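*Asks:* Input: one structure, supplied below.
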Amino acid sequence: MSEALELTPRDAWNHALLESAHPPGWQNPQPAARYDLVVLGGGTAGLVSAIVSVGLGARVALVEQALLGGDCLNTGCVPSKTLIRSARAAADARAATQLGVRAGAVEVDFVAVMERVRRVRAEIAPHDSAQRFAGLGVDVFLGHGRFTGPDALEVGGATLRFKRAVIATGGRPAPPPIPGLADAAAKLVVRNAFFFGRRRAADLIIPWCTYTDPEVAHVGLSAREAEARRIAIDTFQAPLAANDRARADGDGEGFLKVHVKKGSDRIAGATLVARHAGEGIAPIAMAMAGGIGLGRLVDLILPYPTQTELVKNVAGAYTRTRLTPFAARVLRALIRLAR
Ligand SMILES: Cc1cc2nc3c(=O)[nH]c(=O)nc-3n(C[C@H](O)[C@H](O)[C@H](O)COP(=O)(O)OP(=O)(O)OC[C@H]3O[C@@H](n4cnc5c(N)ncnc54)[C@H](O)[C@@H]3O)c2cc1C
C-alpha cells in the first residue's frame with residue numbers, strides 16, 4: 001500500500017482532492033515485466049506524457065510521490081487563477097460606481113475565498129486522478145521513485161523495468177519559466193521518443209500570458225527578438241480604446257500589436273494587452289499554427305461587438321498598406337463602374 005498524505009485543513013475539499021490526487025490506501029499495481037515508458041513525476045508534463053503514450057498503445061507506468069496534478073493543479077495555475085477571480089470580483093465591486101452601480105462597502109471574506117480555491121481544486125482533480133489514469137491503462141505507482149539502473153526504477157519496494165523513461169519531476173525557481181511549455185514539451189518528448197522525431201521545443205509556437213489586470217499575452221517573436229535574430233518585420237497595432245465592446249465594458253486600457261515578416265503577411269509574433277488577453281491571443285496563435293497570414297484575417301466574420309474584432313482592426317491596418325496608389329485608382333474606377 002502507498003504512503004498516506006496529509007493535507008491541511010482537513011476539510012471535505014482537501015479530502016476530495018486526496019481521493020483523486022493521492023488516494024489513501026492506494027494499492028500500487030503488480031509491475032509489468034517491462035514498460036515501454038516509465039514516467040517519473042505526475043505533474044502536467046508527466047500526466048500528458050503518460051496519457052499520450054498509452055493512447056498510442058504503449059505500456060506505461062506513472063510514478064508520483066505527492067499529489068497527481070503537480071504544481072499546476074495543487075499550488076500553481078488552478079489555485080492562483082481561482083484566487084485572482086475573487087480579487088477581480090472585489091475590484092469590480094469597488095469600481096462598480098463608475099458603471100452607475102452602487103454596490104456598497106466591499107468586504108473580502110478570505111476564509112471563504114480560500115475554501116473556494118480548495119473546492120475548485122478538488123472539482124478539477126478527478127481529471128488528473130489516479131483512478132482516471134488507471135482506467136485509461138496507465139499503471140499508477142504512488143511513492144518516491146529512484147533510478148537504480150539505466151533501465152530500472154524503484155518505487156515502494158517494487159522495481160519497474162523500462163525501455164524509455166521521461167523525467168518530469170518539475171523545476172525549482174531559476175530562469176523565468178515559460179507557462180504552457182510543460183504541456184507542449186511533454187507531447188514533443190513522446191513524439192520524439194516513439195517516432196524517431198527530432199523536433200525541438202524552440203520549434204513550437206507557445207503563447208504565454210501574465211495574469212495581471214489588464215492581462216499581457218504574447219505569442220511568437222517580440223520586436224526585440226526579431227531584431228536580435230536579424231528578422232525584418234513590419235508592425236501593425238490597434239488600441240483597445242477603438243474597440244466598441246471594450247468601451248462598453250469599460251476595458252479601454254490595452255492594445256493589440258502584430259509583427260509580420262517584412263514584405264509578407266506571415267505573422268512573426270503578437271502581443272495583446274487586454275483584460276482577457278489570455279483568451280484573446282488564441283486567434284493569432286491559431287493563425288500562426290495554421291500558417292494563415294494577417295491579410296486573410298481581415299475577412300473574418302465575427303460577432304459584433306466583441307473585443308476579438310481588434311484582430312480585424314489590425315488586419316485592416318495591414319491590408320491598407322497593400323493598397324498601392326495604382327491599385328487604389330483601379331479600385332475607385334471599378335466602384336464607379338459598378339454604380
Ligand atoms: C503560482 C504559480 C502559478 C502558475 N500559473 C500558471 C499558469 O497560469 N499557466 C501555466 O501554464 N503555468 C503556470 N504555472 C507553472 C506550472 O505550474 C508549471 O509549469 C507546471 O506545473 C510544470 O509541470 P511539471 O509536470 O513539469 O512539474 P510539476 O508540476 O512540478 O510536477 C512534478 C511532479 O513530480 C513529482 N516528483 C518529483 N520528484 C519525484 C520522485 N523522485 N518520485 C516521484 N515523484 C516525483 C512531484 O511531486 C510533482 O508532482 C504556475 C506556477 C506557479 C508556482
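The values are calculated or read from the model by the stated rules, or taken from the named source; none is laboratory data. Since we're looking at a predicted model, the values are computed, not measured. Neighbour counts are summed over all protein chains in view; Cβ atoms, including those assigned to glycine, are modelled from backbone coordinates with ideal geometry.
*Asks:* Which members of the stretch 107-148 meet the condition of being within 16 Å of the ligand (Cβ to nearest atom), part of a helix (DSSP H, G or I) and surrounded by fewer than 16 Cβ atoms within 10 Å (Cβ to Cβ)?
*Replies:* Across the stretch 107-148, the qualifying residue is only HIS127.
*Asks:* Among (1) in contact (Cβ under 8 Å) with a residue 12 or more places away in the chain; (2) surrounded by 13 or more Cβ atoms within 10 Å (Cβ to Cβ), where does ALA152 come up short?
*Replies:* (1)
*Asks:* Is there a residue being surrounded by 14 or more Cβ atoms within 10 Å (Cβ to Cβ), farther than 21 Å from GLU6 by Cβ, of a type outside the set (Val, Ile, Thr) and in contact (Cβ under 8 Å) with a residue 24 or more places away in the chain anywhere in the stretch 91-99?
*Replies:* First, pick out the residues of the stretch 91-99 that are surrounded by 14 or more Cβ atoms within 10 Å (Cβ to Cβ): 92-93, 96.
Now restrict to residues that are farther than 21 Å from GLU6 by Cβ: 92-93, 96.
Of the ones still in play, those that are also of a type outside the set (Val, Ile, Thr) are 92-93, 96.
In the following step, the residues that additionally are in contact (Cβ under 8 Å) with a residue 24 or more places away in the chain were identified as none.
So far as the stretch 91-99 goes, no, none of its residues is surrounded by 14 or more Cβ atoms within 10 Å (Cβ to Cβ), farther than 21 Å from GLU6 by Cβ, of a type outside the set (Val, Ile, Thr) and in contact (Cβ under 8 Å) with a residue 24 or more places away in the chain.
*Asks:* While we're on this one: Quick check: anything in the stretch 186-198 within 13 Å of the ligand (Cβ to nearest atom), of a type in the set (Gly, Ala, Ser), at positive phi and at pLDDT below 80?
*Replies:* No; the residues of the stretch 186-198 include none that is within 13 Å of the ligand (Cβ to nearest atom), of a type in the set (Gly, Ala, Ser), at positive phi and at pLDDT below 80.
*Asks:* If I filter the stretch 1-46 down to residues being of a type in the set (Gly, Ala, Ser), modelled with pLDDT under 95 and over 25 Å from ARG164 (Cα atoms), which single residue comes out as surrounded by the most Cβ atoms within 10 Å (Cβ to Cβ)?
*Replies:* The residue in question is ALA4.
*Asks:* From (1) in contact (Cβ under 8 Å) with a residue 24 or more places away in the chain; (2) outside the structural domain of ARG247 (by TED's automatic domain parsing), pick out the condition that doesn't hold for ALA333.
*Replies:* Going through the list (1) in contact (Cβ under 8 Å) with a residue 24 or more places away in the chain; (2) outside the structural domain of ARG247 (by TED's automatic domain parsing), ALA333 breaks only (1).
*Asks:* Out of the stretch 31-47, which residues are aromatic (Phe, Trp, Tyr) and near the ligand (Cβ under 7 Å from one of its atoms)?
*Replies:* none
*Asks:* Considering the stretch 154-183 alone, what residues qualify as being more than 30 Å from TYR211 (Cβ to Cβ) and either near the ligand (Cβ under 9 Å from one of its atoms) or at pLDDT below 85 (or both)?
*Replies:* Scanning the stretch 154-183 gives a single hit, VAL155.
*Asks:* Could I ask something else about it? Of (1) farther than 30 Å from ALA89 by Cβ; (2) more than 25 Å from the chain's Cα centre (by Cα), ALA289 satisfies all except one. Which?
*Replies:* (2)
*Asks:* Same structure again: Select from the stretch 72-106 the residues that are touching a helix residue (DSSP H, G or I) at 6+ places or on another chain (Cβ under 7 Å) and not in a loop (DSSP other than H, G, I, E, B) and write down the one among them that is nearest to the ligand (Cβ to nearest atom).
*Replies:* My answer is CYS72.
*Asks:* So, one more: Determine whether GLU253 is over 19 Å from ALA287 (Cβ atoms) and surrounded by 14 or more Cβ atoms within 10 Å (Cβ to Cβ).
*Replies:* Answer is yes for this residue.
*Asks:* If TYR304 passes every condition in (1) modelled with pLDDT under 95; (2) hydroxyl-bearing (Ser, Thr, Tyr); (3) assigned to a strand (DSSP E or B) but one, which one does it miss?
*Replies:* Every condition holds for TYR304 apart from (3).
*Asks:* May I ask you to list the residues in the stretch 48-71 that are away from the ligand (no atom under 11 Å from the Cβ) and part of a strand (DSSP E or B)?
*Replies:* VAL60, ALA61 - these are the residues of the stretch 48-71 that are away from the ligand (no atom under 11 Å from the Cβ) and part of a strand (DSSP E or B).
*Asks:* Separate question: Of all the residues that make up the stretch 267-288, how many are more than 15 Å from LYS312 (Cα to Cα) and assigned to a loop (DSSP other than H, G, I, E, B)?
*Replies:* Total satisfying the criteria: 2.
*Asks:* Looking at (1) within 14 Å of the ligand (Cβ to nearest atom); (2) not in a helix (DSSP H, G or I), which one does GLN27 not meet, given that it meets all the others?
*Replies:* Failing condition for GLN27: (1).
*Asks:* Would you point out which residue out of SER49, SER80 is assigned by TED's automatic domain parsing to the domain that holds PHE162, surrounded by fewer than 20 Cβ atoms within 10 Å (Cβ to Cβ), among the small types (Gly, Ala, Ser) and under 18 Å from the mean Cα position of the chain (by Cα)?
*Replies:* None of the others qualify; the one that does is SER80.
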